[in-house]
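The values are calculated or read from the model by the stated rules, or taken from the named source; none is laboratory data. None of these values were measured; they are calculated from a predicted model. Glycine also receives a Cβ, built like all others from the backbone with ideal geometry; neighbour counts cover every protein chain displayed.
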């Protein structure tokens, strides 16, 4: 569904008819961290497969508690399964090992090179895990990860959820409105729907799920996976970078 964003930015039916650089000057780009910037699903699934000898793919992660459910299918009780789930989703040392989502670092560099920003809004939270060495918090690990893979992004452009009582989807919508975001890159359909309902931003959703496709959201663009890989921003970046050649 990449062609949808072409129509929004500079297609013949669009009233904008803008090149990408001008578009992003008008429509401020914002993004999520997990599975938009960092390939969290990939590292979590690979580690689960290593522990249990399974062959799940990152695209098999269909909901938040899927790791717990997989572990229970392998014979663990609910408590032990939730411990595995917490370790894989919240251990800062482990999350730090994730690789970037293809295309996101490239798009980020392209934007900052042109004097534009690409801030992150993440609902990552700290949950106590007993086994970690290098990092004390998920925030600390995330900031260090960004220094390695996107050192051009200033820390002020990385927004963490500090209020643990606020649901993550509403935190993102709140921050998008606060930062006057015009286009937001997200992987969760639930979070995408909240952003669509409570902001005016265009949402680019990296997901194979088609639940929102026929719900009348004119500001929704969905990028699906290809060849069993996680959805990524490489085709989006390749399309945009053609305007520089």
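Observations on the model:
- Failed item in (1) part of a helix (DSSP H, G or I); (2) assigned by TED's automatic domain parsing to the domain that holds residue 172; (3) under 25 Å from residue 162 (Cβ atoms), with residue 125 passing the rest: (1)
- Conditions (1) in contact (Cβ under 8 Å) with a residue 24 or more places away in the chain; (2) closer than 18 Å to residue 168 by Cβ; (3) in a loop (DSSP other than H, G, I, E, B): number failed by residue 63: (1)
- At least 3 residues being modelled with pLDDT of 90 or more and within 18 Å of residue 39 (Cα to Cα) is the threshold, and among the strands (runs of 3 or more DSSP E) wholly inside the range 142-245 those reaching it are 183-186, 202-206.
- Of all residues in the range 20-33, those satisfying the criterion of being within 18 Å of residue 233 (Cβ to Cβ) and at pLDDT below 95 are 20, 21, 23, 24, 27.
- If only residues of the range 197-230 that are touching a strand residue (DSSP E or B) at 6+ places or on another chain (Cβ under 7 Å) and over 24 Å from residue 19 (Cα atoms) are counted, the one that is surrounded by the fewest Cβ atoms within 10 Å (Cβ to Cβ) is 213.
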